[in-house]
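Below is one structure, written out as structure tokens, with a few remarks after it.
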Protein chains: 2
Amino acid sequence: MRGIDILITNDDGIQSEGLKVLREALAPLGTVAVVAPDREQSTTSHAITLHRPLRVQWVSDGFYAVDGTPADCVNLSINGILKNRPKILVSGINKGENLGDDVTYSGTVSAAIEGTLIGIPSVAISLVARENFKFEAAASFSRKIVSLVMERGLPKDTLLNVNVPNLPANEIKGVEITRQGKRVYGDAVVEKVDPRGKKYYWIGGDILGHRHIPGSDFDAISRNKISVTPLKLDLTDYDTAEKLRGWNF
Amino acid sequence: MRGIDILITNDDGIQSEGLKVLREALAPLGTVAVVAPDREQSTTSHAITLHRPLRVQWVSDGFYAVDGTPADCVNLSINGILKNRPKILVSGINKGENLGDDVTYSGTVSAAIEGTLIGIPSVAISLVARENFKFEAAASFSRKIVSLVMERGLPKDTLLNVNVPNLPANEIKGVEITRQGKRVYGDAVVEKVDPRGKKYYWIGGDILGHRHIPGSDFDAISRNKISVTPLKLDLTDYDTAEKLRGWNF
């Protein structure tokens with residue numbers, strides 16, 4: 001593959017409209033390659049495939065499909081199929097938000113985590129909607145933030161998690177730098193019986209709402225603002241570490 | 001399932017010796033249930049299964065196998081098959097370390113993240129070895145730390161990531177509260193051709209070493225100490241957030 005500036009991936013899969021929109025939006029900023037899973041990979045989190053080989057399929061000009069996870073796509077692109085290291089990795093535009101604790105499950109964010117681990121400035125971009133996706137504002141903001149990150153860089157081991165309201169651009173009330181919020185999850189697990197009389201379970205994963213935390217990603221979105229949350233790879237809880245030093249091990 | 005105090009899971013799968021050792025070690029502290037994946041689920045990260053039903057199989061007294069990920073096991077146990085909320089979740093004893101950036105890929109740690117999200121104090125325990133596993137010290141320390149957490153609790157949204165050297169107990173030099181370290185990953189992706197002449201790739205995932213960070217998990221392990229790292233669910237990089245507020249969006 002020829003030298004590229006911008007690597008795009010996602011977790012919705014190679015067919016997703018979000019990829020095409022993002023590629024078009026970023027084309028003015030440099031040469032773009034799209035390397036994405038060959039099917040939907042939502043909630044795969046940061047899974048990486050080490051136990052089997054991976055295949056890469058040429059789909060169309062600049063679009064490649066991988067039979068793996070979003071993290072696989074990033075690792076394989078940068079360490080395998082791309083001739084050069086891209087200047088930036090962009091994951092998205094995801095059809096659906098990645099707010100609060102979503103980031104620990106999200107394939108979209110995990111691709112950006114993998115990029116960051118490999119040392120490439122990385123941005124995850126999600127559209128806050130379940131249907132009737134309006135990509136225009138997200139596409140336009142993607143170009144802006146990618147251009148800024150290419151110019152200014154990001155701190156080592158930090159990525160950006162961007163969520164854009166599903167509104168026409170003129171109804172968006174600006175950009176806010178936020179903190180990761182907190183979801184309130186439902187506890188529904190459905191228990192049923194299959195046609196052969198055997199019991200099965202299905203995890204509901206219902207979302208009941210979120211805590212009201214001023215300055216959080218949820219808070220910004222609720223005020224029709226674009227949310228930009230810097231996330232870091234170091235999960236250490238330094239305050240608790242201090243307390244644990246008083247425990248009698 | 002009867003009322004239980006301690007829920008055990010892992011990512012090595014229901015057959016792993018680490019589960020049996022852990023269950024035996026924790027039995028004096030309360031009633032234990034083991035709910036673990038029916039096969040190995042390493043590097044599945046925090047993947048959760050929402051697109052298909054899950055099956056639970058009774059394996060033997062107190063041992064249940066689920067055809068899903070470690071996070072599935074935790075969610076399904078607490079929200080589905082257990083009659084009561086356990087007092088603590090323990091994930092392990094993993095055959096292999098979970099140090100530094102491993103925590104973002106680790107099924108072992110992800111189970112503890114899922115437990116924490118659900119509001120159960122959670123501890124991940126790993127043995128730093130690839131072969132010749134010596135579980136005695138890890139088992140004995142598991143009992144100690146689980147007993148302490150049951151007594152004192154953990155801060156909301158914080159879990160413990162424990163790594164134990166693969167040494168006889170009398171060669172272990174104590175316990176250290178640490179911070180998450182940094183791996184140095186290799187960039188090897190192997191490109192080969194299959195028997196039908198088609199190209200395939202295999203992610204090497206080689207680990208070349210780690211950065212020397214005093215007080216890190218790697219640092220403690222290198223001095224034959226048990227490493228206890230508190231990890232938090234909030235990934236926000238607050239320092240970078242301040243800087244980003246100066247960007248011209």
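Take the residues of segment B:72-120 that are assigned to a helix (DSSP H, G or I), more than 8 Å from every other protein chain (Cβ to nearest Cβ) and small (Gly, Ala, Ser): which is farthest from the chain's Cα centre (by Cα)? Here the residue is B:Ser77. Among the candidates B:Ala36, B:Ala65, B:Ala27, the residue that is more than 23 Å from A:Asp187 (Cβ to Cβ) and of a type in the set (A, V, I, L, M, F, W, C) is uniquely B:Ala27. If you go through segment B:122-132 and keep only what is touching a residue at least 12 places away in the same chain (Cβ under 8 Å) and surrounded by fewer than 17 Cβ atoms within 10 Å (Cβ to Cβ), you end up with B:Arg130, B:Asn132. All but one of (1) modelled with pLDDT under 95; (2) within 27 Å of A:Thr44 (Cβ to Cβ) hold for B:Asn84; which doesn't? For B:Asn84, the failing item is (2).
Scan segment B:42-58 residue by residue and report those that are assigned to a strand (DSSP E or B) and either touching an Asp or Glu at 6+ places or on another chain (Cβ under 9 Å) or basic (Lys, Arg) (or both). Across segment B:42-58, the qualifying residues are B:Leu54, B:Val56, B:Gln57.
Each residue in segment B:14-32 was checked for being more than 20 Å from B:Lys87 (Cα to Cα) and charged (D, E, K, R), and 1 of them qualify. Among the residues examined, A:Thr178 does not qualify as more than 30 Å from B:His51 (Cα to Cα), facing another protein chain (nearest Cβ under 7 Å) and polar (S, T, N, Q). Of everything listed in (1) over 15 Å from A:Lys87 (Cα atoms); (2) touching a Lys or Arg at 6+ places or on another chain (Cβ under 9 Å); (3) part of a loop (DSSP other than H, G, I, E, B), the single unmet condition for A:Asn132 is (2).
Taking the criterion of being among the β-branched types (Val, Ile, Thr) and within 10 Å of the chain's Cα centre (by Cα), the residues of segment A:121-134 that qualify are A:Val123, A:Ile125. In segment B:210-233, the qualifying residues are those that are in a loop (DSSP other than H, G, I, E, B) and touching a Leu at 6+ places or on another chain (Cβ under 9 Å), and the one that is farthest from A:Asn248 (Cα to Cα) is B:Leu233.
All of (1) at negative phi; (2) in contact with a Ser or Thr (Cβ under 8 Å, 6 or more places away or on another chain) hold for B:Gly80 with one exception: (2). Residues of segment A:21-37 include none that is acidic (Asp, Glu) and under 28 Å from B:Lys198 (Cβ atoms). Taking into account only those residues within segment B:62-114 that are touching a helix residue (DSSP H, G or I) at 6+ places or on another chain (Cβ under 9 Å) and of a type in the set (Asp, Glu), which is nearest to B:Asn132 (Cα to Cα)? Looking at the filtered set, the residue picked out is B:Glu97. Scanning segment B:198-249 for residues that are facing chain A (nearest Cβ under 7 Å) and closer than 29 Å to B:Ala129 by Cα yields a count of 11.
On the basis of being under 30 Å from A:Ala65 (Cα atoms), in contact (Cβ under 8 Å) with a residue 60 or more places away in the chain and not aromatic (Phe, Trp, Tyr), does B:Arg183 make the cut? Answer is yes for this residue.
Residues in segment B:125-161 that are within 14 Å of chain A (Cβ to nearest Cβ) and of a type in the set (Val, Ile, Thr): B:Ile125, B:Ile145, B:Val146, B:Val149, B:Thr158. Among the residues of segment A:196-249, those identified as surrounded by 15 or more Cβ atoms within 10 Å (Cβ to Cβ), among the basic types (Lys, Arg) and under 18 Å from A:Ile177 (Cβ atoms) are A:Lys225, A:Lys232.
A:Leu159 falls short on exactly one of the conditions (1) surrounded by 16 or more Cβ atoms within 10 Å (Cβ to Cβ); (2) in contact with a Phe, Trp or Tyr (Cβ under 8 Å, 6 or more places away or on another chain); (3) touching a residue at least 40 places away in the same chain (Cβ under 8 Å), and that condition is (2).
Would you mind stating whether A:Arg39 is part of a loop (DSSP other than H, G, I, E, B) and more than 9 Å from chain B (Cβ to nearest Cβ)?
Considered against the rule, which asks whether it is part of a loop (DSSP other than H, G, I, E, B) and more than 9 Å from chain B (Cβ to nearest Cβ), A:Arg39 comes out as yes.
A count restricted to segment A:50-66 and to residues that are under 18 Å from the mean Cα position of the chain (by Cα) and within 10 Å of chain B (Cβ to nearest Cβ) stands at 1. Taken over segment A:17-57, residues that are closer than 25 Å to A:Ile203 by Cα and touching a strand residue (DSSP E or B) at 6+ places or on another chain (Cβ under 7 Å) amount to 4. Of all residues in segment A:1-35, those that are assigned to a helix (DSSP H, G or I) and more than 12 Å from A:Pro70 (Cβ to Cβ) total 12. Tell me the residue from B:Ile88, B:Ile81, B:Ile113, B:Ile118 that is touching a Gly at 6+ places or on another chain (Cβ under 9 Å) and touching a residue at least 12 places away in the same chain (Cβ under 8 Å), please. Answer to the check: B:Ile88.
The values are calculated or read from the model by the stated rules, or taken from the named source; none is laboratory data. Quantities reported herein were computed from a predicted structural model and do not represent experimental measurements. Positions of Cβ are backbone-derived with ideal geometry, glycine not excepted, and every protein chain shown enters the neighbour counts.
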